[in-house]
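Visitor: My questions all concern the structure below.
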Amino acid sequence: MTEPAIFQRALSGKPLDFTGEDFQIINQTVQRTQELLKKFNHIDQTNEQRRATLSQVVGYSVPESAEVNAPVHSDFGPHIFIGENVYVNQGVMFVDLGGIYLADGALIGPGASLITVNHVEDPAHRRDVYARSIHIEKNAWVGANAMVLPGVTVGENAIIGAGAIVTKDVPANVIVVGSPAKVLRRVKGAPTGDA
C-alpha cells in the first residue's frame, strides 16, 4: 500500500504546512497510534500480543528477534523501522515522522528520545514542521536518557553515552558523551580504520 503523499514528503525532509488539509491525515494517524500504544503498554499484554500490536503501529511484521519493552511512546508510529535483534528498553520516545531506522543489533537505552521533527524558525510559520531521518546503524548503542536529534546517523558499533544530546552524525566505532555530544574515544575491540 502506498503511503499518503504527506507521509512521503515527511520522509524526504520537505516542509509540512500545519494548516494544510492533508495534515489531518497525520493527526488521524497519531490518534490511531496513541490508541494502539495504550494497548501495547498495558500491563497484561503478553510478548506475542505486544509484537502484534506494535506491528499494527508500524505497518509491517516486527521481527521476532526484536525486543521492544513497554512503555514505549511515539507521536506518529508508522515511520519506525526495526531490524533484527534490536533491543528497545523502557520509556523510549520515538518522534518518527521523518523516519527512525534501527539497524540489526541496535540497542536503545531506557528513557532515550529519538526526534526526527523540528519546527520552522520563521515565527509566522512556527507550527509548520520539517522532518529529517535518524539512522541507528548496526550494533550501535544509544544510552539511557540520551537524545538524538533530527538528521543524525549513529555509526556502526558506536556508543552514545547516557544523557548525551546528539546533534551531529557519530562516526562508527566511537563513544560520544555530553551536550552537545563529542567523541570521547574509540570503542574497545572495535575494528580500526573508521574514525
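Visitor: Given the criterion more than 20 Å from L149 (Cβ to Cβ) and in a loop (DSSP other than H, G, I, E, B), identify the matching residue among P63, P110.
Guide: Being more than 20 Å from L149 (Cβ to Cβ) and in a loop (DSSP other than H, G, I, E, B) holds for just one of P63, P110, which is P63.
Visitor: Mind checking which pairs have a first residue in segment 62-80 that is on the phi > 0 side of the Ramachandran plot and a second that is part of a loop (DSSP other than H, G, I, E, B) and surrounded by fewer than 20 Cβ atoms within 10 Å (Cβ to Cβ), Cβ under 9 Å, 6 or more apart or different chains?
Guide: Partner pairs satisfying both residue conditions: G77/G59.
Visitor: Among the candidates N27, N69, N41, single out the residue that is among the polar types (S, T, N, Q), within 21 Å of A106 (Cα to Cα) and surrounded by fewer than 17 Cβ atoms within 10 Å (Cβ to Cβ).
Guide: Within the list N27, N69, N41, the selection yields N69.
Visitor: Further, regarding this structure: Can you name the residue in segment 174-192 that is modelled with pLDDT of 95 or more and among the aliphatic types (A, V, I, L, M) and, of all such residues, is most open to solvent (accessible area, probe 1.4 Å)?
Guide: Residue satisfying both the conditions and the ranking: L184.
Visitor: Tell me which of these I6 doesn't satisfy, since it passes every other one: (1) in contact with an Asp or Glu (Cβ under 7 Å, 6 or more places away or on another chain); (2) assigned to a loop (DSSP other than H, G, I, E, B); (3) not basic (K, R).
Guide: Of everything listed in (1) in contact with an Asp or Glu (Cβ under 7 Å, 6 or more places away or on another chain); (2) assigned to a loop (DSSP other than H, G, I, E, B); (3) not basic (K, R), I6 misses just condition (2).
Visitor: Another question, then. Looking at A124, A140, which is the one that is in contact with a strand residue (DSSP E or B) (Cβ under 8 Å, 6 or more places away or on another chain), under 24 Å from L97 (Cβ atoms) and of a type in the set (G, A, S)?
Guide: A140
Visitor: I want to confirm something. Restricting to segment 6-24 and keeping residues that are over 23 Å from E121 (Cβ atoms) and open to solvent by 60 Å² or more (accessible area, probe 1.4 Å), which single residue is farthest from the chain's Cα centre (by Cα)?
Guide: If we take residues in segment 6-24 being over 23 Å from E121 (Cβ atoms) and open to solvent by 60 Å² or more (accessible area, probe 1.4 Å), then E21 is farthest from the chain's Cα centre (by Cα).
Visitor: Considering only residues that are open to solvent by 40 Å² or more (accessible area, probe 1.4 Å) and under 15 Å from the mean Cα position of the chain (by Cα), which ones fall in segment 154-167?
Guide: I165, T167
Visitor: Could you tell me which numbered condition Q90 fails, if it satisfies all but one of (1) over 17 Å from F40 (Cβ atoms); (2) over 8 Å from the mean Cα position of the chain (by Cα); (3) open to solvent by 10 Å² or more (accessible area, probe 1.4 Å)?
Guide: Condition not satisfied by Q90: (1).
Visitor: OK, next. Identify, please: which residue in segment 168-194 is assigned to a loop (DSSP other than H, G, I, E, B) and over 25 Å from E84 (Cβ atoms) and is, among those, nearest to the chain's Cα centre (by Cα)?
Guide: Filtering first and then ranking leaves K168.
Visitor: Then there's this: Filter segment 45-55 down to the residues that are assigned to a helix (DSSP H, G or I) and surrounded by fewer than 17 Cβ atoms within 10 Å (Cβ to Cβ) and list them by number.
Guide: Selection gives N47, E48, Q49, A52, S55.
Visitor: Which residue is farthest from T153 (Cα to Cα), if the candidates are limited to segment 116-139 and must be open to solvent by 40 Å² or more (accessible area, probe 1.4 Å) and assigned to a strand (DSSP E or B)?
Guide: H119
Visitor: Let me ask something additional. Report, ordered by the first and then the second residue, all pairs with beta carbons closer than 8 Å, sequence separation of six or more or different chains, a first member in segment 112-134 that is without any contact (Cβ under 8 Å) to a residue 12 or more places away in the chain, and a second member that is crowded, with 20+ Cβ neighbours inside 10 Å.
Guide: H119/V129
The values are calculated or read from the model by the stated rules, or taken from the named source; none is laboratory data. Here the structure is a predicted model, which means the values were calculated and not measured. Cβ: placed from backbone, ideal geometry, glycine included. Neighbour counts: every protein chain shown. Only protein heavy atoms, including side chains, enter the accessible area calculation; ligands, DNA and RNA are left aside. Shrake-Rupley method; radii C 1.70, N 1.55, O 1.52, S 1.80 Å.
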